[in-house]
Amino acid sequence: MESSSESRASSRASDTKHVPLLGEDVARAWKDSQRPERPPELNNALFSVVQLTNSMIGSGILSFPYVFSKTGVVLALVLLATFGGFVYATSLMVLEVGKEVDMPVGDLSEIVEAALGLRWRRGLDLCAALMCFGALMSYFNVIGLLGADLFAPTRPPFLGINNYPSFMTLCAVFLSPACFLRSYGELTPVSIISIGCITVTTFAIAITGVVHGRHAIPLWPDSALAPFALLGNYAYAMTVQFVVHEMYASMVSTDRPAVRNVVLSSILVGATLLGIMGLGGVAAVGSSPVSNIIQSLDETNPLTKVLSVFTIFHLMMYIPNDFVIMRLFALRFFDINPLQIPTVKYIAITAVLFATPLLIMASIPRALVVGVFELVIALTGQIPTATCCFLIPTLAFKATCLRRASSSSTPNRSFLYNPALSNLFLAACVVVILISPIVTIYVFVHTCLTSACKDYA
């Protein structure tokens, strides 16, 4: 059954073939036909839950005490539940679209091209690559900040572990081998370490808040603009739609029927961790945390140093996740499949793509990075994330599944097939993509002009 599905996928993909962006000759030079087009089946349902949950968390979880302090606990929990439902529905939509275009385990780029056309496929690839690129910069940012603070007393200074750019560079060298893995499904071992480290950190902060902090948690937003400015944080921290097909293709075929439960379980676990971090962080440090909660903790407390180490390891093990996805979509934009690139070219392009966000973040003065961290998270969540994870899946679902259902004599009773749901999602996309960035940039510029950019977060 799976083999027939894959053959239909290849057939349908060939129907949507177009002239490669860099030309036929370049495309041939960057393709080794002996290599498989899709990833191997590696993971069972449980490992898929772990990997998908890890993809959701990232560094966005570190900003959730800041988010809760600005939006208030009532609205924060409502938005958490709303985005969770939004992510679940659109994740199922992309799976349904894959089945509808006869590519159930296909590449998301080709699925979108089959559903909406080449321009939308290019838009998806670009937005997904930019989303992961912004995320990678935020990870290097946090690693550099925490490491520089953790090892500030280290002497002599030329060891290179007690300043912002050097520490992140050393960590990048250490974690880089995992970034040379070709497929998302191969990242399960590092994903287990990553999710384990951030889970320990989250519960440690929550326990600190309950036992020692006991600060009051604000119920309502601190300003009318705060909820709009922070919508990107929710989108950034909760999206998994762009990796659902890679996760599905990497599952063993016998576990694929459980994919809906895998997606739901991942979202529930991820949303729970985000909520615990938000509530626990505010309880631990009060109503004015910075966007990286670790930096708001008492730096003289040994627990803070331990949590800094756990957070650094979480991000070091997480970076390969977003890097592999960034590389996938960046190369798919140019009609290159990273699974089929010849070895020498593959090593070279991987090294270049890995070094780019690292060098950018290492060059930003430390005095600006706190504000930049929050701005990168907010704008990354608002524009590229919302476009590729919410807007495009909804449009693809309307163009294929809903169109077919409307002409069918047998109505589909799944909640996804209610046209009002898709229209509601599209309206929400307008708010997140168009209105929220304007509010965010206004607040950032206003903060820079009235006080300092670092005070933005």
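The values are calculated or read from the model by the stated rules, or taken from the named source; none is laboratory data. Note that the coordinates shown come from a computational prediction; the quantities given were computed from them, not determined experimentally. With ideal geometry, Cβ positions are generated from the backbone for all residues, glycine too; neighbour counts draw on all protein chains shown.
Restricting the search to helices (runs of 4 or more DSSP H) fully inside the range 389-457 and requiring at least 1 residues that are of a type in the set (F, W, Y) and modelled with pLDDT of 85 or more gives 392-397, 419-430.
Based on this model, can you work out whether R256 counts as of a type in the set (D, E, K, R) and surrounded by 18 or more Cβ atoms within 10 Å (Cβ to Cβ)? Taking the combined requirement at face value, the residue satisfies it. A residue that is surrounded by fewer than 22 Cβ atoms within 10 Å (Cβ to Cβ), aliphatic (A, V, I, L, M) and either more than 20 Å from V282 (Cα to Cα) or touching a residue at least 40 places away in the same chain (Cβ under 8 Å) (or both) occurs somewhere in the range 225-241.
Among the residues of the range 72-122, those that are more than 17 Å from K398 (Cα to Cα) and either in contact with a Cys (Cβ under 6 Å, 6 or more places away or on another chain) or of a type in the set (V, I, T) (or both) comprise V73, V74, V78, T82, V105.
Okay, residues lined up against (1) among the aliphatic types (A, V, I, L, M); (2) free of Cβ contacts under 8 Å to residues at least 24 places away in the same chain; (3) crowded, with 20+ Cβ neighbours inside 10 Å:
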| site | (1), (2), (3) |
| --- | --- |
| L124 | yes, no, yes |
| M137 | yes, no, yes |
| L170 | yes, yes, no |
| L187 | yes, no, yes |
| I198 | yes, no, yes |
| T201 | no, no, yes |
| G209 | no, no, yes |
| L219 | yes, no, no |
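Take A351 and tell me if it is at pLDDT 95 or above and of a type outside the set (V, I, T). So A351 fits the description; yes.
Within the range 205-225, restricting attention to residues that are touching a helix residue (DSSP H, G or I) at 6+ places or on another chain (Cβ under 6 Å) and not in a loop (DSSP other than H, G, I, E, B), which residue is farthest from M317 (Cα to Cα)? The residue in question is G213. Flag: A271 does not match the condition of being more than 30 Å from P221 (Cα to Cα), surrounded by fewer than 24 Cβ atoms within 10 Å (Cβ to Cβ) and within 16 Å of the chain's Cα centre (by Cα). Considering the range 285-299, the residues that are closer than 13 Å to S69 by Cα and touching a Leu at 6+ places or on another chain (Cβ under 7 Å) include one that is surrounded by the most Cβ atoms within 10 Å (Cβ to Cβ), namely I293. Scan the range 271-305 for residues that are in contact (Cβ under 8 Å) with a residue 60 or more places away in the chain and among the β-branched types (V, I, T) and the total you get is 6.
Among the residues of the range 71-81, those that are in a helix (DSSP H, G or I) and surrounded by fewer than 24 Cβ atoms within 10 Å (Cβ to Cβ) comprise V73, V74, L75, L77, V78, L79, L80, A81.
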